[in-house]
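See below for the structure under consideration.
The values are calculated or read from the model by the stated rules, or taken from the named source; none is laboratory data. Fair warning: this is a prediction, and the values are worked out from it, not measured in the lab. Ideal geometry is used to build each Cβ from the backbone, glycine not excepted, and the neighbour counts take in all protein chains shown.
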Amino acid sequence: MLNTISAILNNGVSAIGDYESISTVTVGAGGQASITFSSIPSTYTHLQIRWIARSTNTSFQQIAGYGRFNSDSGSNYSWHQLYGDGASAGASAGATQTNMLLLQEASTLNNPSNLSFGSGVIDILDYSNTNKYKTVRSLTGSDINGAGTVALRSGLWQSTVAINAISFTESSNFAQYTQFALYGVK
Amino acid sequence: MPKTYDPIATYTVPSAQASYTFSSIPSTYTDLILVMNPIAASNNTITMRFNSDTASNYSFTNLGGDGTSASSGRQSNLTWFYVGDINGTTIGTTLIQVQNYSNTTTFKTCLIRNNVSTTSTSATVGLWRKTPEAINSITLTTFSGINYSIGSTFTLYGIKAA
């Protein structure tokens with residue numbers, strides 16, 4: 001028996017918690033090579049990034065994307081992933097990397113009308129703590145009805161500096177309608 | 001900075017029921033998060049639809065572990081989303097996230113984490129390929145029509161980007 005619940009219209013009801021929207025980047029026509037959040041306030045405890053993205057790459061169906069903190073291009077990043085590609089489960093890792101594997105995007109290849117986007121949620125814990133390295137976790141995936149990847153990823157930035165900037169890049173450009181939203185958790 | 005992460009609706013099952021629908025979902029948010037603690041009359045699979053769409057517009061890729069091995073699967077051109085296992089004796093935990101659910105320019109991608117402590121854990125990415133429209137309802141059923149049991153809970157949250 002179908003049970004229908006009418007949603008309580010939330011217009012006018014303010015959130016009372018400690019989860020706040022900091023900044024949003026939306027890619028316009030023409031695409032964008034990178035996405036950056038800068039001048040991130042240090043007043044939160046954790047950061048979360050929620051995103052959808054498509055690559056302008058025309059050679060591969062699934063595109064990986066990477067993150068950096070504070071413009072650090074040194075070999076200060078490491079990561080692990082557990083992933084499924086629809087056929088088998090796998091795992092891989094990277095150490096002493098110059099960026100962190102975080103994103104899983106759809107591309108232009110086999111993407112009719114370019115309407116399919118990858119998606120993800122990235123958590124950066126204790127991002128402003130100057131007594132520890134920074135730990136990141138990510139859930140990400142892209143499915144284009146016949147191909148796709150879903151992945152659980154973890155990462156480490158070996159720096160005790162508070163994170164004040166985050167940038168994302170990939171092999172080509174981020175396509176129009178890609179959107180990254182940064183949130184702070186107190 | 002504007003606070004967000006708003007509760008939209010919540011429901012606790014008072015008597016066994018076959019499905020639940022969040023309807024009239026406002027389009028004023030950016031992302032939706034659906035949190036479930038479900039238990040069923042017997043072991044089965046949770047399935048989901050958006051906007052009552054019964055056409056073959058759903059597909060998914062998933063990653064799972066059953067305590068013995070890890071595996072991955074994919075299905076295309078389905079009439080429903082695969083969410084994950086539901087158990088007849090153990091309450092599970094399910095988190096469904098849909099980013100940019102209200103835009104009318106892209107297909108909708110959802111990310112799902114599903115856990116039943118006695119049987120499995122899984123991560124799934126799903127795609128809804130109906131001509132782009134905002135999601136205004138979410139219906140949760142089981143693959144075999146098994147009832148959700150008393151005490152199952154369903155909560156919907158909205159997150160709004162600045």
Checking the condition within 15 Å of the chain's Cα centre (by Cα) and more than 14 Å from chain B (Cβ to nearest Cβ), which residue from A:Ser167, A:Ser159 passes?
A:Ser167
Looking only at residues in the stretch B:126-138 that are not acidic (Asp, Glu) and not in a strand (DSSP E or B), which one is farthest from the other protein chains (Cβ to nearest Cβ)?
B:Ala134
Among the residues in the stretch B:106-116, are any within 11 Å of chain A (Cβ to nearest Cβ), outside any strand (DSSP E or B) and in contact with a Lys or Arg (Cβ under 6 Å, 6 or more places away or on another chain)?
yes
Determine which member of the set A:Gly67, A:Gly74, A:Gly90 is away from chain B (no Cβ under 14 Å) and part of a strand (DSSP E or B).
A:Gly67
Yes or no: B:Ala123 at pLDDT 95 or above, more than 8 Å from chain A (Cβ to nearest Cβ) and out of contact with any Cys (no Cβ under 7 Å at 6 or more places or on another chain)?
no
Which one of A:Asn164, A:Asn173 is out of contact with any Phe, Trp or Tyr (no Cβ under 7 Å at 6 or more places or on another chain), at pLDDT 95 or above and outside any strand (DSSP E or B)?
A:Asn164
Note on the stretch A:93-130: residues of a type outside the set (A, V, I, L, M), surrounded by 22 or more Cβ atoms within 10 Å (Cβ to Cβ) and assigned to a strand (DSSP E or B) are A:Gln104, A:Glu105, A:Gly118, A:Ser119, A:Gly120
Scanning for something within 22 Å of A:Ala147 (Cα to Cα) and without any contact (Cβ under 8 Å) to a residue 12 or more places away in the chain, does the stretch B:72-92 turn up at least one residue?
yes
Taking the stretch A:108-138 and keeping only residues that are of a type outside the set (A, V, I, L, M, F, W, C) and touching a residue at least 60 places away in the same chain (Cβ under 8 Å), one is left with A:Thr108, A:Asn114, A:Ser116, A:Gly118, A:Ser119, A:Gly120, A:Asp123, A:Asp126, A:Tyr127, A:Ser128, A:Lys134
Please enumerate the residues belonging to the stretch B:43-79 that are of a type in the set (D, E, K, R) and either modelled with pLDDT under 95 or farther than 15 Å from B:Phe143 by Cα (or both).
B:Asp53, B:Asp66, B:Arg74
Could you say whether any residue in the stretch B:28-48 is closer than 25 Å to A:Ser88 by Cβ, touching a residue at least 60 places away in the same chain (Cβ under 8 Å), of a type in the set (Ser, Thr, Tyr) and buried (at least 17 other Cβ atoms within 10 Å of the Cβ)?
yes
Do we find that A:Ser142 is away from every other protein chain (no Cβ under 14 Å), in contact (Cβ under 8 Å) with a residue 40 or more places away in the chain and either assigned to a strand (DSSP E or B) or of a type outside the set (Lys, Arg) (or both) in this structure?
no
Quick one: B:Ser144 ticks every box in (1) more than 12 Å from chain A (Cβ to nearest Cβ); (2) among the small types (Gly, Ala, Ser); (3) surrounded by 22 or more Cβ atoms within 10 Å (Cβ to Cβ) except a single one, so which number is it?
(3)
If A:Leu82 satisfies all but one of (1) within 14 Å of another protein chain (Cβ to nearest Cβ); (2) buried (at least 20 other Cβ atoms within 10 Å of the Cβ), what's the number of the condition it fails?
(2)
Quick one: in the stretch A:93-134, of everything that is under 28 Å from A:Pro41 (Cβ atoms), touching a strand residue (DSSP E or B) at 6+ places or on another chain (Cβ under 7 Å) and among the hydroxyl-bearing types (Ser, Thr, Tyr), which residue is farthest from the other protein chains (Cβ to nearest Cβ)?
A:Thr98
